[in-house]
Amino acid sequence: MTTTSLSGLPLPLPSTFDFAAYMTTPPEVPAPVGMNLAPKNARNLVIERTNETSLALTHAYQDAAASTAGVGTLDVGAPLLSHFTYTDEEKSLLVASKDVVESTGPLPVYMTIFIATERMKAARADMDEKAKREAERCPSYSIFGTQLMVNPRIVSAVATGETPIPDIFHVSLHHKIYFPLHWWSDKILRQAFDYPHSIPNTTITAVQTSSLIAPSSVMVVNVAKALKELGEEDEAQLTPGLWRQSARNLLNSFKLLCPPLDPANPSGPKYTHASEFEKPVLFFANLDCFEESMSIWSPVERKLRYELFRDGIFDHRLWEQRIGVVAIRLSFNRDSMTPSSLPPATPASSPSKRALHDDQNPSATKQPRRTRGDEPRGAPPIIREGSAARDRTPCCLICAGPHMAQDHSSTKATFQDGTDHFSRLLVETRDIRTIKPFRGQGSKSLCIGFNINKSCTVAHDADRVHACSLCGGNHPALARHPMCQRVRDGVIIP
């Protein structure tokens, strides 16, 4: 009578029986829904012990089959069972906490070995990191003959060379510690590089990148203490040249920290802090009003700079609109100032003080006296800095009324002579667009800077044009002297 083996084959097993495959544990299977860690450990422990018994019987049969005595009545063990899978979260929890192991155990042997191995890896990595920091602090190797010049250059009395950026500034920026912009100036960077002890520092815990390895500590600039020595960012003290210099150094640090963009790699990053910060740096540096009107664009630049730091993406049209809105507001406020509210002129008894710009010093520029009869017929009145002509009301870019464009009534769509307005205000985007198609198909956005007579030189796209917002002519709608045929001192000419 033939007896059937637990493997499903008749006994004795054939000489070609694959013992190695029979003694291989099958792949793990997902645990039943709702099975917690404790019952999973218990089930896997039972499965492991059952498999160990089966393996022992199979090994005994294999040894007997290879001997001269033969297998006799022996049989292999039962087929091996699959263990229930542990999730990555459960494994991390068991590795990190001994309390969890004790409260949910005992564990199967293979999981105990796994946990011990991961803890050994973490301990070894921690020891290596400590040894590295100790070696950097107190190097045991000989330092003689190892020091090299990083950026060799010829010392010149007129050329300063490239400004070095201290590592602590790079590390601080990497950990999203943002300084006032003027801290990136050449003077402060050289001070921090030449005299590292002069910059207060502190130690923070780096961002944790692995659940198995404790995060390391890094040294960064102590901003709270440095503010007392280096000062906060102040637009009134940040000159255009200092802004350009500091922005360039900050951009260079970003370029070293961020990975390069590769258009040929579709899976690579499409935006980085370096690529997005470089765009506004070029945008503001190329403004027509960069030098003389920093009070207009500097507050906007600072606000939008921090929006980019929060992973914002540069939008040329949005930034241009915000600059335009601020410029209009400042222009209208300046036109509505009375002589009594203007800053006082520099006294004659103080010749050592430099005269202010015309917009700040009403007595800086003397205009030749001209009588009413000397003016050409129909010409706008002469406007001198500090004269009563400053008391004009603002002119709307849409209807030339005595209000700003942002306050223009949406129900008013015609001039006093009954003709339709040429443009309208989009409240959502604070954009002024033509009502009808203009210079081609579709309506066009009108450049605000051009229409307030700021001599805009920005190269716009085809959807934004330099044209009068009142009539579409090739001239600004408003200026210090209104130019449009519909405006004379803020009064519409029918």
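The values are calculated or read from the model by the stated rules, or taken from the named source; none is laboratory data. Since this is a predicted model, take the numbers as computed values, not measurements. When we count neighbours, we look across all protein chains shown, and the Cβ atoms used for this are built from the backbone with ideal geometry, even at glycine. Only protein heavy atoms, including side chains, enter the accessible area calculation; ligands, DNA and RNA are left aside. Shrake-Rupley method; radii C 1.70, N 1.55, O 1.52, S 1.80 Å.
Out of the residues in the range 79-136 meeting the condition of being in contact (Cβ under 8 Å) with a residue 60 or more places away in the chain and polar (S, T, N, Q), tell me which one is surrounded by the fewest Cβ atoms within 10 Å (Cβ to Cβ).
That would be S103.
Filter the range 47-68 down to the residues that are open to solvent by 70 Å² or more (accessible area, probe 1.4 Å) and within 18 Å of I113 (Cβ to Cβ) and list them by number.
Across the range 47-68, the qualifying residues are R49, E52.
Of everything in the range 174-189 that's assigned to a helix (DSSP H, G or I) and within 17 Å of the chain's Cα centre (by Cα), which residue is surrounded by the fewest Cβ atoms within 10 Å (Cβ to Cβ)?
Residues of the range 174-189 assigned to a helix (DSSP H, G or I): 174, 181-184, 186-189.
Of the ones still in play, those that are also within 17 Å of the chain's Cα centre (by Cα) are 174, 181.
Working: H174: 17, L181: 21.
Among residues in the range 174-189 that are assigned to a helix (DSSP H, G or I) and within 17 Å of the chain's Cα centre (by Cα), the one surrounded by the fewest Cβ atoms within 10 Å (Cβ to Cβ) is H174.
Does S445 fit the bill of being at pLDDT 75 or above, among the hydroxyl-bearing types (S, T, Y) and under 14 Å from R317 (Cα atoms)?
The answer is yes for S445.
Would you point out the residue of the range 422-447, among those that are in contact (Cβ under 8 Å) with a residue 24 or more places away in the chain and assigned to a loop (DSSP other than H, G, I, E, B), that is most open to solvent (accessible area, probe 1.4 Å)?
Among them, the one singled out is R439.
Would you say F254 is in contact with a His (Cβ under 9 Å, 6 or more places away or on another chain), of a type outside the set (S, T, Y), closer than 22 Å to G312 by Cα and at pLDDT below 90?
Numbers: in contact with a His (Cβ under 9 Å, 6 or more places away or on another chain): yes; of a type outside the set (S, T, Y): yes; closer than 22 Å to G312 by Cα: yes; at pLDDT below 90: no.
No; evaluated as a whole, the condition is false for this residue.
Is there a residue being among the charged types (D, E, K, R) and out of contact with any Phe, Trp or Tyr (no Cβ under 7 Å at 6 or more places or on another chain) anywhere in the range 9-23?
Step one: filter the range 9-23 for residues among the charged types (D, E, K, R), giving 18.
Then drop every residue that is not out of contact with any Phe, Trp or Tyr (no Cβ under 7 Å at 6 or more places or on another chain), which leaves 18.
Checked the range 9-23: at least one residue is among the charged types (D, E, K, R) and out of contact with any Phe, Trp or Tyr (no Cβ under 7 Å at 6 or more places or on another chain).
For the range 1-18, give me each residue that is open to solvent by less than 50 Å² (accessible area, probe 1.4 Å) and under 15 Å from N51 (Cβ atoms). If you could, list the steps in order and put the result at the bottom.
Just the residues of the range 1-18 that are open to solvent by less than 50 Å² (accessible area, probe 1.4 Å), to begin with: 5, 7, 11, 13, 17.
The answer is S7, and nothing else.
Which of (1) in a loop (DSSP other than H, G, I, E, B); (2) free of Cβ contacts under 8 Å to residues at least 12 places away in the same chain; (3) not hydroxyl-bearing (S, T, Y) does C289 not meet, given it meets every other one?
Among (1) in a loop (DSSP other than H, G, I, E, B); (2) free of Cβ contacts under 8 Å to residues at least 12 places away in the same chain; (3) not hydroxyl-bearing (S, T, Y), C289 violates only (2).
Can you work out which of the residues in the range 404-421 that are in contact (Cβ under 8 Å) with a residue 24 or more places away in the chain and under 36 Å from the mean Cα position of the chain (by Cα) is surrounded by the most Cβ atoms within 10 Å (Cβ to Cβ)?
Selected residue: A405.
For every residue, the table says whether it meets (1) free of Cβ contacts under 8 Å to residues at least 60 places away in the same chain; (2) closer than 27 Å to I204 by Cα.
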site: W243; (1), (2): no, no
site: N249; (1), (2): no, yes
site: P259; (1), (2): yes, yes
site: F277; (1), (2): yes, yes
site: W297; (1), (2): yes, no
site: E301; (1), (2): yes, no
site: E307; (1), (2): yes, yes
site: W319; (1), (2): yes, no
site: I323; (1), (2): no, no
